[in-house]
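Undergrad: Sending over a structure as structure tokens; questions will come in a sec.
The values are calculated or read from the model by the stated rules, or taken from the named source; none is laboratory data. Treat the numbers as computed from the prediction; the structure is a model and nothing was measured. Cβ: placed from backbone, ideal geometry, glycine included. Neighbour counts: every protein chain shown.
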Amino acid sequence: MHTTREGNAYIGRLARGCELCMQGAKLVLFVTGLCREGCYYCPLSEKRRGKDVAWVNERLVKSDAEVIAEALRMRAEGAGITGGDPALKLKRTLHYIQLLKAKFGEEFHIHMYTATCLDEGELQKLKSAGLDELRFHITQKNRTQVWESIRRAKRIGLEVGVEIPAFPDREEEIVEIATRVASLGGFLNLNELEFSDTNAQALRSRGFSLRGDSYAVAGSREAALKAMERLEKLADVRVHFCTSRYKDAGQLRQRLLRTALASAKPYEEVTEEGLLLKGVVYADEDLERLRMRLVREFDIPPHLIAVDKEKQRLETTQQIARELAKYLKELRFYIVEEYPTADRLETEVVPL
Ligand code: SF4
């Protein structure tokens, strides 16, 4: 068994979708919050659950241009299409697959999650649109019929997998599912079961508890690893266990880092967490005129100071802001740390 960052583990070849996700190179395209499965452990937030809206990474989608802009911003090499259940909005899903493939080419790897037992025609449409990899979530409702869809998807040439949460004490079931999906030429992804705001009560009422100081369910990790130890001896079995810690920290951090490195302005410093650090200046005067004055009077290289129209301020390097703050008491100087995401959420604002 191979172990990777944050306690993740796998046996057999990793799915391409997972490889790219681990590099932070996957755009996350949430196509709809609609889903018919009603899993009690569903972790979707109130903001998304049951709402027929699309999100790209942390940004609410209002146009195709925003989807493309977000992919460019992080230099994405692929996309994970998720929900809810994207198959409930198949036309929209097909549109996005075609949009991304047309813009970024065949190599742009697209995987998608669904809990719907798709028929031959629907699978063909997905394949023709350019879908590379399809992951079925096995639920209480679809557990008997889903296998036929997996078989069909494999037959038409899609890379196929199954994705389930690892329930404590259910290693027997995990072994069964892994063996069955392997016999159809697919892989199994195990997610560490985790508490969220929306499923905490349902999980607690079923006797699940928190593992240490994380959001993970106690016993989930052990069930996954015990099952994988047994599966390791079998040929052609591919299983990937993805921890809650990895999803929260590793995956997001990788994506932020990638976005920050790709989009940082010359005066922004990229932190190890993938955040942007810079100096900012607030003033009650015309910002463009102020910028020109500062460039002239303090000999600042023009590319190291810019007007941020959106936030109505000047932005520059931390060092320049610190220096200027010593002389220009009438202006307001700060060191700001912010996300490289579209909402540019500020995590720290320190006055100088
Ligand atoms: S299939 Fe996924 S999105 Fe739908 S209810 Fe279950 S966990 Fe939530």
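Undergrad: Which of the numbered conditions does Ala283 fail, given that it passes all the others? Conditions: (1) at pLDDT below 95; (2) in contact with a helix residue (DSSP H, G or I) (Cβ under 7 Å, 6 or more places away or on another chain); (3) closer than 27 Å to Arg73 by Cβ.
TA: Exception for Ala283: condition (3).
Undergrad: A further question follows. Which of the residues spanning region 56-80 are surrounded by 16 or more Cβ atoms within 10 Å (Cβ to Cβ) and among the small types (Gly, Ala, Ser)?
TA: Correct list: Ala71, Ala76, Gly78, Ala79, Gly80.
Undergrad: So Gly12 passes all but one of these: (1) on the phi > 0 side of the Ramachandran plot; (2) surrounded by fewer than 19 Cβ atoms within 10 Å (Cβ to Cβ). Which condition number does it fail?
TA: So Gly12 meets the others, but not (2).
Undergrad: From the list Val175, Val281, Val270, which residue is over 23 Å from the mean Cα position of the chain (by Cα) and either polar (S, T, N, Q) or not assigned by TED's automatic domain parsing to the domain that holds Gln23 (or both)? Give the derivation first.
TA: Numbers: Val175 fails: either polar (S, T, N, Q) or not assigned by TED's automatic domain parsing to the domain that holds Gln23 (or both); Val270 fails: over 23 Å from the mean Cα position of the chain (by Cα).
Going through Val175, Val281, Val270 in turn, the sole match is Val281.
Undergrad: Select from region 1-46 the residues that are of a type in the set (A, V, I, L, M) and within 25 Å of Val175 (Cβ to Cβ) and list them in ascending order. Can you show your working first?
TA: Quick first cut of region 1-46, residues of a type in the set (A, V, I, L, M) only: 1, 9, 11, 14-15, 20, 22, 25, 27-29, 31, 34, 44.
Matches in region 1-46: Met1, Ala9, Ile11, Leu14, Ala15, Met22.
Undergrad: Looking at region 103-112, is at least one residue within 16 Å of the ligand (Cβ to nearest atom), closer than 16 Å to Val31 by Cα and touching a strand residue (DSSP E or B) at 6+ places or on another chain (Cβ under 6 Å)?
TA: Initial filter on region 103-112 (within 16 Å of the ligand (Cβ to nearest atom)): 111-112.
Still in the list and also closer than 16 Å to Val31 by Cα: 111-112.
If we keep only those that are touching a strand residue (DSSP E or B) at 6+ places or on another chain (Cβ under 6 Å) as well, we get 111-112.
So far as region 103-112 goes, yes, one or more of its residues are within 16 Å of the ligand (Cβ to nearest atom), closer than 16 Å to Val31 by Cα and touching a strand residue (DSSP E or B) at 6+ places or on another chain (Cβ under 6 Å).
Undergrad: Now, a different point. Anything in region 157-203 that is among the hydrophobic types (A, V, I, L, M, F, W, C) and part of a helix (DSSP H, G or I)? List them, or say none.
TA: The first filter runs over region 157-203 and keeps only residues among the hydrophobic types (A, V, I, L, M, F, W, C), leaving 158, 160, 162, 164, 166-167, 174-175, 177-178, 181-182, 184, 187-188, 190, 193, 195, 200, 202-203.
Passing the criteria: Ile174, Val175, Ile177, Ala178, Val181, Ala182, Ala200, Ala202, Leu203.
Undergrad: When both residues are 6+ apart or on different chains and their Cβ atoms are under 7 Å apart, which pairs have a first residue that lies in region 301-321 and is in a loop (DSSP other than H, G, I, E, B), and a second that is surrounded by 14 or more Cβ atoms within 10 Å (Cβ to Cβ)?
TA: As it stands, the answer is Thr317/Tyr267; Thr317/Lys278; Thr317/Gly279; Thr317/Leu304, since those pairs meet every condition given.
Undergrad: Using the structure shown, decide if Cys39 is within 22 Å of His240 (Cβ to Cβ), in a loop (DSSP other than H, G, I, E, B) and within 13 Å of the ligand (Cβ to nearest atom).
TA: Values: within 22 Å of His240 (Cβ to Cβ): yes; in a loop (DSSP other than H, G, I, E, B): yes; within 13 Å of the ligand (Cβ to nearest atom): yes.
Considered against the rule, which asks whether it is within 22 Å of His240 (Cβ to Cβ), in a loop (DSSP other than H, G, I, E, B) and within 13 Å of the ligand (Cβ to nearest atom), Cys39 comes out as yes.
Undergrad: Continuing with this model, one more query. Quick one: is Gly250 touching a helix residue (DSSP H, G or I) at 6+ places or on another chain (Cβ under 9 Å), in a strand (DSSP E or B) and either modelled with pLDDT of 95 or more or surrounded by 13 or more Cβ atoms within 10 Å (Cβ to Cβ) (or both)? First the steps, then the outcome.
TA: Working: touching a helix residue (DSSP H, G or I) at 6+ places or on another chain (Cβ under 9 Å): yes; in a strand (DSSP E or B): no; either modelled with pLDDT of 95 or more or surrounded by 13 or more Cβ atoms within 10 Å (Cβ to Cβ) (or both): yes.
Criteria not met by Gly250.
Undergrad: Name every residue in region 42-94 that is assigned to a strand (DSSP E or B) and either closer than 19 Å to His137 by Cβ or within 16 Å of the ligand (Cβ to nearest atom) (or both), in order of residue number.
TA: Filtering region 42-94 down to residues assigned to a strand (DSSP E or B) leaves 55-56, 59-60, 78-83.
Once the filter is applied, which keeps residues that are assigned to a strand (DSSP E or B) and either closer than 19 Å to His137 by Cβ or within 16 Å of the ligand (Cβ to nearest atom) (or both), region 42-94 yields Trp55, Ala79, Gly80, Ile81, Thr82, Gly83.
Undergrad: Among what's in region 101-125 and is of a type outside the set (Asp, Glu) and within 22 Å of Leu14 (Cβ to Cβ), pick the residue that is surrounded by the most Cβ atoms within 10 Å (Cβ to Cβ). Spell out how you get there, then give the answer.
TA: Looking only at region 101-125, we keep the residues that are of a type outside the set (Asp, Glu), and these are 101-105, 108-118, 121, 123-125.
This time we only want the ones that are within 22 Å of Leu14 (Cβ to Cβ), so: 104, 108-114.
Details: Phe104: 19, Phe108: 20, His109: 26, Ile110: 25, His111: 24, Met112: 25, Tyr113: 22, Thr114: 28.
Only one residue fits best here, namely Thr114.
Undergrad: Next question. Hey, does region 141-151 have a residue that's assigned to a loop (DSSP other than H, G, I, E, B) and in contact (Cβ under 8 Å) with a residue 40 or more places away in the chain? Break it down into steps so the answer makes sense when it comes.
TA: Step one: of region 141-151, the residues assigned to a loop (DSSP other than H, G, I, E, B) are 141-145.
Now restrict to residues that are in contact (Cβ under 8 Å) with a residue 40 or more places away in the chain: 141-142.
Scanning region 141-151 turns up at least one residue that is assigned to a loop (DSSP other than H, G, I, E, B) and in contact (Cβ under 8 Å) with a residue 40 or more places away in the chain.
Undergrad: Give the residue that is farthest from the ligand (Cβ to nearest atom), with candidates limited to residues of region 17-36 that are of a type in the set (A, V, I, L, M, F, W, C) and closer than 19 Å to Leu99 by Cα. Before the answer, list the steps.
TA: As a first pass, look at region 17-36 and keep what is of a type in the set (A, V, I, L, M, F, W, C): 18, 20-22, 25, 27-31, 34-35.
Among the residues that remain, those that are also closer than 19 Å to Leu99 by Cα are: 25, 27-31.
Details: Ala25: 23, Leu27: 19, Val28: 14, Leu29: 15, Phe30: 10, Val31: 11 Å.
Within region 17-36, the match that is farthest from the ligand (Cβ to nearest atom) is Ala25.
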